[in-house]
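The values are calculated or read from the model by the stated rules, or taken from the named source; none is laboratory data. All of these numbers come straight from a predicted model, not from anything done at the bench. For neighbour counting, all protein chains shown are included, and Cβ atoms are generated from backbone atoms with ideal geometry for every residue, glycine included. Ligands, DNA and RNA are stripped out before the accessible areas are found, and what is left, the full protein with its side chains, is counted by its heavy atoms. Shrake-Rupley method; radii C 1.70, N 1.55, O 1.52, S 1.80 Å.
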Amino acid sequence: MTDNRYDVIIIGTGAGGGTLAYHLAPSGKRILILERGDYVPREKANWDPQVVNVDGHYNTKESWLDKDGKDLHPHTNYYVGGNTKFYGAALFRLRKEDFGELRHKGGISPAWPISYDDLEPYYMQAENLYQVHGNRGEDPTEPEASSPYPWPAVSHEPRIQQLSDDFARSGLKPFHVPVGVMLDEKNPQKSRCIRCNTCDGFACLVGAKSDAQVVCIDEAIKHPNVTLLTNSLVKRLETDSSGREVKSVVVERNGSLEAYSADVVVVSCGAINSAALLLRSANDKHPRGLANSSDIVGRHYMGHTNSVMMAISKCPNPTIFQKTLGVNDFYFGSKDFEYPMGHISFVGKLDAITLKAGAPAIAPNFTLELMAKHSLDFWLTSEDLPDPNNRVTIGRDGKIVLTYTPNNLEAHERLQGKLKQAMKQTNCAMHGHECHQGLFGRNLYVGQQIPLAGVAHQNGTIRFGHDPKTSVLDANCKAHDVDNLYVVDGSFFPSSAAVNPALTIMANALRVGDHLMKRLGVCETAYEQNRQQDRELAVSR
Ligand SMILES: Cc1cc2nc3c(=O)[nH]c(=O)nc-3n(C[C@H](O)[C@H](O)[C@H](O)COP(=O)(O)OP(=O)(O)OC[C@H]3O[C@@H](n4cnc5c(N)ncnc54)[C@H](O)[C@@H]3O)c2cc1C
Ligand code: SF4
């Protein structure tokens, strides 16, 4: 065995790759993790809204192209932990119905090749691993779960509790959003999370967000059989002469090219970069791109229809950690619109600095400071449907081209209408119905005019399925066309559902991890002993 030969190579350390690395680490197998980025530097700027939201300091400086050939500056991050370093850590299970076919106003959301019940045990493991805080039974659309959340829900602050009570009085069923932050409200002095106002969109300076670096990669690399190489950009995958096996992973590192090989190669670069990597790896046996005999690689890009809606109230909103309240009453439709609409929750509390670059028309008599002090900042998500013409391709100079035409938009407009109606029905004790001056949409991607740049929820470009003609991966997320190639990031989604994607990516990575352990002949007893040792070490630290 040469130094460059491994049992498993995992490319990317985000929700998919990071979780898989954690799961496989105690197997004793030689594992190489390749990550194009470095660690997020720990610095005060981590929590500075100007640096993070206005200057976009931690975003990649890479530029892609849109369908018209115009430069696109994606709002995405290349670091150990991937986008989970910056995510809001709202960790939702998809709804049971999301795994079946669902009829939307804009078309069909297709069924998955696995059912909710197949993924349920892994959702549970992922919730434990990522320390999800939530209350079962509150969310009316929540699927059945085999155990409670490992931690109680993060409490609402008074303004949000008041809104929750108002919503409940008007007949809605507001619930606590499940979040992965290491907050111990019963023991604030010892709590790792300090409940701050710079969580969603920011890296956590004190390492208290359950992201894939802190929770998974840092633990995985404690095992001597696991190697992490940062600043290692995978350029292409090469196959043997049969085209059935990836034999070489070509990496740009320290200014030169290196090659690594493994029995199993797992791609987890995020839905857009994974598709780009396969397309760039075309060869004689795979002329349209690696594993692309179906011509599906890169197609069906989805990213949700998202919007931020600010309700400016006369009452101030001094909330610090706002992302605690959700409303799913319209997820599957309502009496007056019998199609799915989506999910309502919150973004982190907006501040005047962040608003400066993307503020909506100012409410009468409000400055930006006042707006920020009085706004309730909602996050609305609706499902976008898989359209083969919405796709990732490789354009001039090898740049990523992202072609996307939004669809199913009536669902989102209806959802916005439902929120406006719900806000009118709330009755402030001081100001009555007049409290909320209105709802304003805000351009979330500060300093960037192109909404397409908001690729936070990217998924769907390398879908899994039973039929090799209509999918790239089989139900175990192995490429139909290549025997040792797997994909475990958000690419595998055949439909995007309308809740945040990360927990499903994590749960699926654990599921694929179990499959890989069988494939690699890992001894279950030895694995359990190693995992137990990990637990004991963690307790003694
Ligand atoms: C601001 C923000 C807030 C969000 N909030 C939430 C939320 O509250 N809840 C939720 O569920 N989701 C949220 N998301 C989305 C969530 O972060 C993603 O769904 C999730 O991280 C995707 O996981 P992934 O494994 O597909 O990709 P990523 O996490 O993006 O990981 C991909 C990794 O691959 C690396 N990589 C890429 N190309 C290469 C290459 N060629 N060679 C080597 N390495 C490579 C990248 O550097 C990265 O580390 C948010 C995202 C953002 C940006
Ligand atoms: S709220 Fe907690 S987890 Fe989030 S950034 Fe602040 S300290 Fe970190």
Is it the case that Glu138 is assigned to a loop (DSSP other than H, G, I, E, B) and either within 23 Å of Val347 (Cα to Cα) or among the aliphatic types (A, V, I, L, M) (or both)? yes
Listed by first then second residue, the pairs whose first member lies in the range 178-198 and is closer than 22 Å to Arg93 by Cβ and in contact (Cβ under 8 Å) with a residue 12 or more places away in the chain, whose partner is near ligand 2 (Cβ under 8 Å from one of its atoms) and open to solvent by 60 Å² or more (accessible area, probe 1.4 Å), with beta carbons under 7 Å and at least 6 positions apart or on separate chains, are Met182/Arg192
Scan the range 240-260 residue by residue and report those that are closer than 30 Å to Ser63 by Cα and open to solvent by less than 10 Å² (accessible area, probe 1.4 Å). Val246, Val249, Val251
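Among the residues of the range 32-76, which ones are among the polar types (S, T, N, Q) and either within 15 Å of ligand 2 (Cβ to nearest atom) or in contact with a Pro (Cβ under 7 Å, 6 or more places away or on another chain) (or both)? Break it down into steps so the answer makes sense when it comes.
Going through the range 32-76, the residues among the polar types (S, T, N, Q) turn out to be 46, 50, 53, 59-60, 63, 76.
Matches in the range 32-76: Asn46, Asn53, Thr60.
Each row is one residue, and each column tells you yes or no for (1) aromatic (Phe, Trp, Tyr); (2) within 16 Å of ligand 1 (Cβ to nearest atom); (3) at pLDDT 95 or above.
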position	(1), (2), (3)
Glu144	no, no, yes
His156	no, no, yes
Leu183	no, yes, yes
Lys190	no, no, yes
Cys196	no, yes, yes
Phe202	yes, yes, yes
Val206	no, no, yes
Asp211	no, yes, yes
With the requirement that a residue be more than 30 Å from Lys418 (Cβ to Cβ) and surrounded by 23 or more Cβ atoms within 10 Å (Cβ to Cβ), what does the range 184-200 give you? Cys193
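Conditions (1) within 29 Å of His412 (Cα to Cα); (2) buried (at least 24 other Cβ atoms within 10 Å of the Cβ); (3) more than 16 Å from ligand 2 (Cβ to nearest atom), marked per residue:
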position: Ala262; (1), (2), (3): no, no, yes
position: Ser268; (1), (2), (3): no, yes, yes
position: Ala271; (1), (2), (3): yes, yes, yes
position: Ser274; (1), (2), (3): yes, yes, yes
position: Arg280; (1), (2), (3): no, no, yes
position: Asp284; (1), (2), (3): no, no, yes
position: Asn306; (1), (2), (3): yes, no, yes
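Go through the residues of the range 146-167 one by one and say whether even a single one is over 18 Å from the mean Cα position of the chain (by Cα) and on the phi > 0 side of the Ramachandran plot.
Within the range 146-167, the subset over 18 Å from the mean Cα position of the chain (by Cα) is 146-167.
Checking which are on the phi > 0 side of the Ramachandran plot leaves us with none.
Scanning the range 146-167, I find no residue that is over 18 Å from the mean Cα position of the chain (by Cα) and on the phi > 0 side of the Ramachandran plot, so the answer is no.
For Val40, indicate whether it is surrounded by fewer than 23 Cβ atoms within 10 Å (Cβ to Cβ), touching a Lys or Arg at 6+ places or on another chain (Cβ under 9 Å) and among the aliphatic types (A, V, I, L, M). First the steps, then the outcome.
Numbers: surrounded by fewer than 23 Cβ atoms within 10 Å (Cβ to Cβ): yes; touching a Lys or Arg at 6+ places or on another chain (Cβ under 9 Å): yes; among the aliphatic types (A, V, I, L, M): yes.
Yes: the conditions hold for Val40.
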Boolean, Ala203 is crowded, with 23+ Cβ neighbours inside 10 Å, closer than 22 Å to Asp48 by Cβ, small (Gly, Ala, Ser) and touching a residue at least 12 places away in the same chain (Cβ under 8 Å): yes
Every listed condition ((1) under 20 Å from Met506 (Cβ atoms); (2) surrounded by 15 or more Cβ atoms within 10 Å (Cβ to Cβ)) holds for Ser147 save (2)
Looking at Leu237, Leu233 in this structure, which one is buried (at least 23 other Cβ atoms within 10 Å of the Cβ), more than 10 Å from ligand 2 (Cβ to nearest atom) and hydrophobic (A, V, I, L, M, F, W, C)? Leu237
Which condition from (1) under 21 Å from Gly88 (Cβ atoms); (2) over 19 Å from the mean Cα position of the chain (by Cα); (3) among the aromatic types (Phe, Trp, Tyr) is the one that Tyr58 breaks? (2)
Could you tell me which residue of the range 508-541 is most open to solvent (accessible area, probe 1.4 Å), considering only residues that are assigned to a helix (DSSP H, G or I) and among the small types (Gly, Ala, Ser)? Ser540
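Could you tell me whether Gly12 is on the phi > 0 side of the Ramachandran plot, within 16 Å of ligand 2 (Cβ to nearest atom), buried (at least 17 other Cβ atoms within 10 Å of the Cβ) and under 20 Å from the mean Cα position of the chain (by Cα)? Show your work before the answer.
Values: on the phi > 0 side of the Ramachandran plot: yes; within 16 Å of ligand 2 (Cβ to nearest atom): no; buried (at least 17 other Cβ atoms within 10 Å of the Cβ): yes; under 20 Å from the mean Cα position of the chain (by Cα): yes.
Taking the combined requirement at face value, the residue does not satisfy it.
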Restricting to the range 363-377, and then to whatever is farther than 18 Å from Val54 by Cβ and not in a helix (DSSP H, G or I), can you tell me which residue is modelled with the highest pLDDT? Leu376
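Going by the structure shown, is Asn59 closer than 25 Å to Val206 by Cα and either without any contact (Cβ under 8 Å) to a residue 40 or more places away in the chain or open to solvent by less than 10 Å² (accessible area, probe 1.4 Å) (or both)? Can you show your working first?
Working: closer than 25 Å to Val206 by Cα: yes; either without any contact (Cβ under 8 Å) to a residue 40 or more places away in the chain or open to solvent by less than 10 Å² (accessible area, probe 1.4 Å) (or both): yes.
The answer is yes for Asn59.
Here's the yes/no breakdown for (1) under 27 Å from Cys477 (Cβ atoms); (2) buried (at least 24 other Cβ atoms within 10 Å of the Cβ):
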site	(1), (2)
Leu32	yes, yes
Trp47	no, no
Trp64	yes, no
Tyr79	yes, yes
Asn83	yes, no
Of the numbered conditions (1) over 21 Å from Ile31 (Cα atoms); (2) in contact (Cβ under 8 Å) with a residue 12 or more places away in the chain; (3) open to solvent by 40 Å² or more (accessible area, probe 1.4 Å), Gly171 fails exactly one; give the number of that condition. (2)
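In the range 29-42, how many are touching a residue at least 12 places away in the same chain (Cβ under 8 Å) and out of contact with any strand residue (DSSP E or B) (no Cβ under 7 Å at 6 or more places or on another chain)? Before the answer, list the steps.
Within the range 29-42, the first condition is being touching a residue at least 12 places away in the same chain (Cβ under 8 Å), and the residues that meet it are 29-40, 42.
Narrowing the set further to residues that are out of contact with any strand residue (DSSP E or B) (no Cβ under 7 Å at 6 or more places or on another chain) leaves 42.
Looking only at that region, the number is 1.
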Is at least one residue of the range 115-131 assigned to a loop (DSSP other than H, G, I, E, B) and surrounded by fewer than 17 Cβ atoms within 10 Å (Cβ to Cβ)? yes
Return the residues of the range 70-89 that are assigned to a loop (DSSP other than H, G, I, E, B), in contact with a helix residue (DSSP H, G or I) (Cβ under 8 Å, 6 or more places away or on another chain) and more than 25 Å from Ile33 (Cβ to Cβ); say none if nothing qualifies. His73
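Kindly state which strands (runs of 3 or more DSSP E) lie completely within the range 222-336 and contain at least 2 residues that are free of Cβ contacts under 8 Å to residues at least 12 places away in the same chain. Step through it out loud before you land on a result.
Numbers: elements: 226-229, 232-239, 246-253, 256-267, 305-313.
By residue number, no strands (runs of 3 or more DSSP E) qualify.
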